Number of protein chains: 2
Amino acid sequence: VVRGIGDDAAVLRLAAPVLVTTDVLVEGVHFKRDWGTPRQLGRKAFVTAASDIAAMGGRSVFALIDLRAPASTAVVDLDGIYRGFRDTATRAGTRLVGGNTCRAAALSIGVTLLGEAPNGWVGRDGCRPGDDLFVSGTLGLAGLGLRLLRRRRGARGPAVRRFLEPPSRLVLAQGLARLGGLGGMIDVSDGCLRDLGHLCAASRVGAVVDAGRLPLAATYRRLCGDDLALALTAGEDYELLFSARPGLRRRLIALARARRCPLTRIGRIVARPEGVRVLGAGGRELRFAAAGHDHFRR
Amino acid sequence: VVRGIGDDAAVLRLAAPVLVTTDVLVEGVHFKRDWGTPRQLGRKAFVTAASDIAAMGGRSVFALIDLRAPASTAVVDLDGIYRGFRDTATRAGTRLVGGNTCRAAALSIGVTLLGEAPNGWVGRDGCRPGDDLFVSGTLGLAGLGLRLLRRRRGARGPAVRRFLEPPSRLVLAQGLARLGGLGGMIDVSDGCLRDLGHLCAASRVGAVVDAGRLPLAATYRRLCGDDLALALTAGEDYELLFSARPGLRRRLIALARARRCPLTRIGRIVARPEGVRVLGAGGRELRFAAAGHDHFRR
């Protein structure tokens, strides 16, 4: 930081190329205030934005925050959001260099992150037929948590916690970028199938997902049984979905162990005409309404 | 742009140091929808954010937009905002590289700009006693326009237009930075006296403003007469307020002519203990409630 908060603009030193992303959490759209604590909200605002930097294989370096709140908002709540954000950012090596606070009808937290890609960056367009398809962590637990919160105020448990406190995959992502040999990568924010569709469209390829290999948390299995709909179509997982050359399997297993984050091979990249398909037991194709998340469906 | 819209984050090449700022216009706080056109709104969203880059003597290079709107918003209005923003950005050499659209209770436009400072950057802290104090354009007309809009729906005229269509001082600012010998600089967004206060606080100096030298538009004089309150305390001028070594006067006159933008010497920088004062006829001190703009006055 050459010049931080307190001047008209921040003046920063960043290694080229610069990664930039912006993301926002809006009350009534992405969250309700009584679902969690202000700290969780601030934390999640950072992690969801950082997920875009992670999906490029980068590291976040600087953050700007755009915090808007009704005039009636308690200062202690604003402070909680701010602290949750800043503490999580700091742990991820990211410095808050500016932002705005203003009043608005609804509470919202907008985040802009600037990052670097010291190990090179990974786009969405690098998947090749023959690549393995991997996903980090587990799928669907956050979506399940959201469903529980919508059903019952004050819902608690692992699924709710996974929704309120998504993990940051920044460190894992940099490890992946360092490997070399990665294909394309995206973060799962709109639902696995929908984001896989984006990945395949950008790479002009198709993909086959093996339903039996999807990584599901114990809580997910207990509450959803064999129903894979949430795992494949619910949003907010913030896991990394990527393709890799088959020669990379061993090193990916080692990386998963070192980073203590599961990396599961859930399928493979195929030629474009084959489309994006999910195969169940006996190779039977399963169909899911790609619900995902779209603010302006109309 | 190495990688623009369509991937998880934008990948950009920027010359160091990088300037960053974020700003926002919120319906009901900064504007009402029937005050102007969607295009004017998009235009203003760019100019107000760019004003922070200008105040550093920089140029804006990349933009991200965070557009939120009620689900009921007409697509033609969203399109107008977007076009107004993009056209103004393009004219200023700024490329839109990303952003978000989501629904929200109120319409709002958040803008993040990334810039460069090829001629060096100018902070708020460079004012020295003995510097001349300059301001670009005129003061108070936008504040007058806002007052007229608040009084009467459908108000029109030069003052209203000045409020709805603030000028961009990006080109002027780069000319200023190129001169060398500038002291400190800030943009007048919260009211001249309030921003002069920020400038002086950052530079640890005082200032004396000669009331008789304030640049006022003809419409301002006609409607406000000798009342300088709006010129000194109303916000949204988006003019540049800066100090310069006295040896720079001639070159500033030449720059003003070349850029077709008035630069008026309105006072001088003095030692800190003298404070920030406005002197009227006969050297009598004038006092103004530094109203300015503060969202969380409480």
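Observations, loosely collected:
- Only one of the numbered conditions (1) in a strand (DSSP E or B); (2) within 21 Å of the chain's Cα centre (by Cα); (3) not charged (D, E, K, R) is violated by A:VAL208, and that is (2).
- Residues of the range A:157-181 satisfying the condition of being surrounded by fewer than 24 Cβ atoms within 10 Å (Cβ to Cβ) and either modelled with pLDDT under 95 or farther than 21 Å from A:GLY42 by Cβ (or both): A:GLY157, A:PRO158, A:LEU172, A:GLN174, A:GLY175, A:ALA177, A:ARG178, A:LEU179, A:GLY180, A:GLY181
- Residues of the range A:183-195 classified as farther than 16 Å from B:GLY6 by Cβ and out of contact with any Cys (no Cβ under 8 Å at 6 or more places or on another chain), total: 4
- Options B:ALA117, B:ALA106: the member that is surrounded by fewer than 24 Cβ atoms within 10 Å (Cβ to Cβ), touching a residue at least 12 places away in the same chain (Cβ under 8 Å) and within 30 Å of B:ALA71 (Cα to Cα): B:ALA106
- Breaking point among (1) more than 30 Å from A:PRO118 (Cβ to Cβ); (2) facing chain B (nearest Cβ under 10 Å), for A:SER72: (2)
- Enumeration of residues in the range A:21-34 that are more than 10 Å from every other protein chain (Cβ to nearest Cβ) and either among the charged types (D, E, K, R) or surrounded by fewer than 20 Cβ atoms within 10 Å (Cβ to Cβ) (or both): A:LYS32, A:ARG33, A:ASP34
- Members of the range B:218-234 that are part of a loop (DSSP other than H, G, I, E, B) and either buried (at least 19 other Cβ atoms within 10 Å of the Cβ) or among the aromatic types (Phe, Trp, Tyr) (or both): B:LEU228, B:ALA234
- Unique residue being facing chain A (nearest Cβ under 7 Å), of a type outside the set (Asp, Glu) and under 26 Å from A:ALA49 (Cα atoms) when the list is B:VAL11, B:VAL47: B:VAL11
- Residue count, the range A:235-251 (criterion: hydrophobic (A, V, I, L, M, F, W, C), crowded, with 21+ Cβ neighbours inside 10 Å and farther than 11 Å from A:LEU139 by Cβ): 3
- Subset tally (residues that are within 14 Å of A:GLY110 (Cβ to Cβ) and without any contact (Cβ under 8 Å) to a residue 60 or more places away in the chain) for the range A:1-48: 2
- Against the criterion of being at pLDDT below 95, among the charged types (D, E, K, R), under 27 Å from A:GLY157 (Cα atoms) and assigned to a loop (DSSP other than H, G, I, E, B), A:ASP237 does not qualify.
- The set of residues from the range A:71-94 being part of a helix (DSSP H, G or I), polar (S, T, N, Q) and over 10 Å from A:GLY42 (Cα atoms) comprises just one member, A:THR90.
- Residue selected from the range B:75-100 under the condition facing chain A (nearest Cβ under 10 Å) and among the hydrophobic types (A, V, I, L, M, F, W, C), by the criterion farthest from B:GLY115 (Cα to Cα): B:VAL75
- Elements of type strands (runs of 3 or more DSSP E) contained in the range B:101-205, each with 1 or more residues being more than 30 Å from B:ALA74 (Cα to Cα) and away from every other protein chain (no Cβ under 13 Å): B:132-136, B:182-188
The values are calculated or read from the model by the stated rules, or taken from the named source; none is laboratory data. Everything numeric here is computed off the predicted structure, so don't read it as measured data. All Cβ positions, even for glycine, are placed from backbone atoms using ideal geometry, and neighbour counts span all protein chains on display.
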